[in-house]
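The values are calculated or read from the model by the stated rules, or taken from the named source; none is laboratory data. Keep in mind the model is a prediction, meaning the values are calculated, not measured. As a convention, Cβ positions derive from the backbone with ideal geometry for all residues, glycine included, and neighbour counts pool all protein chains shown.
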Amino acid sequence: MAQSATVERILDAAEMLFAEKGFSETSLRAITGKAGVNLAAVNYHFGSKKALIQAVFARYLTPFAVKLNEELEKYQGTSAEEPPTIEMMLKTVSYTMADIANEYGNGPSVFMRLLGLSYLESQGHLRKFLVDKYGQSFKRVEALLRQVNPELSDVDRFWNWHFMLGTTVFTMAGMNPLRQMSEHSYDQDTPVDEVVKKLIPFLAGGLRGASDAAKAGLSETESVV
């Protein structure tokens with residue numbers, strides 16, 4: 001129990017500091033100071049800063065991948081005439097991620113900031129780690145999205161997916177400030193679940209965007225305008 005508590009303190013401290021300052025600007029000394037442990041404890045449990053960064057992500061993504069795969073199994077028997085909708089897929093991913101983020105670490109907002117940083121900062125080891133360890137789970141999502149939106153090219157699907165991810169990271173990482181801004185401007189408190197409900201149809205529209213523009217006979221320039 002003591003060992004587990006030490007590991008959790010180190011992960012909690014690392015997660016918060018990485019989210020606040022970034023991976024490169026956060027030292028192991030800062031992490032040990034916040035966690036109340038010595039450097040030997042970090043080296044013993046993780047071995048290196050790179051391994052600690054990976055462990056911070058694994059704390060969320062390992063249980064997330066397990067639960068997501070369980071949820072995706074429900075779609076495997078779906079007939080070709082009634083494939084899952086994009087909205088169904090997004091709800092599955094969103095609520096699975098929210099459940100896991102609420103159970104582990106410092107919550108979904110902090111994890112989403114870390115996810116955004118994984119794109120912004122040069123962390124090649126982290127991207128390789130994520131692809132190697134969790135690539136199969138996300139390929140299942142990609143395959144189902146291809147099934148429900150087959151007319152979309154792989155290139156358009158790549159860009160739409162990352163536009164969607166950027167919107168999600170911005171919204172979830174800034175959830176509290178956005179809710180405060182909404183309450184200040186419109187005198188209405190919007191619970192997190194309601195924000196997610198508003199977000200999903202917006203994301204679904206984004207994932208369909210290029211194919212809908214093509215169906216309407218619009219050029220890429222016209223569709224942007």
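Looking only at segment 28-52, filter to residues that are assigned to a loop (DSSP other than H, G, I, E, B) and not aromatic (Phe, Trp, Tyr); which one of those is farthest from the chain's Cα centre (by Cα)? Top of the filtered list is ASN38. The condition (being touching a Phe, Trp or Tyr at 6+ places or on another chain (Cβ under 6 Å) and of a type in the set (Lys, Arg)) is satisfied by just one residue among ARG29, ARG59, ARG9: ARG59.
Screening segment 39-58 for residues that are over 16 Å from LEU117 (Cβ atoms) and not aliphatic (A, V, I, L, M) and picking the one that is surrounded by the most Cβ atoms within 10 Å (Cβ to Cβ) gives PHE46.
The residue that is modelled with the lowest pLDDT, counting only those in segment 84-101 that are β-branched (Val, Ile, Thr) and surrounded by 15 or more Cβ atoms within 10 Å (Cβ to Cβ), is ILE100. Comparison of GLU81, GLU25 shows that the only residue that is of a type in the set (Asp, Glu), modelled with pLDDT of 85 or more and over 13 Å from the mean Cα position of the chain (by Cα) is GLU25. The set of residues from segment 132-156 being more than 19 Å from LEU199 (Cα to Cα), touching a residue at least 40 places away in the same chain (Cβ under 8 Å) and touching a helix residue (DSSP H, G or I) at 6+ places or on another chain (Cβ under 8 Å) comprises LYS133, TYR134, SER137, ARG140, LEU144, VAL148, ASN149, GLU151, LEU152, SER153, ASP156.
Return the residues of segment 17-32 that are surrounded by 13 or more Cβ atoms within 10 Å (Cβ to Cβ) and more than 16 Å from SER118 (Cβ to Cβ); say none if nothing qualifies.
Of everything in segment 17-32, those that are surrounded by 13 or more Cβ atoms within 10 Å (Cβ to Cβ) and more than 16 Å from SER118 (Cβ to Cβ) turn out to be LEU28, ALA30, ILE31, THR32.
Here SER182 passes the criteria (1) surrounded by fewer than 17 Cβ atoms within 10 Å (Cβ to Cβ); (2) within 24 Å of ILE86 (Cα to Cα) except the one numbered (2). Here's a check for you: in segment 60-78, which residue that is closer than 23 Å to VAL195 by Cα and either over 11 Å from the mean Cα position of the chain (by Cα) or surrounded by fewer than 19 Cβ atoms within 10 Å (Cβ to Cβ) (or both) is modelled with the lowest pLDDT? Of everything passing the filter in segment 60-78, GLU71 is modelled with the lowest pLDDT.
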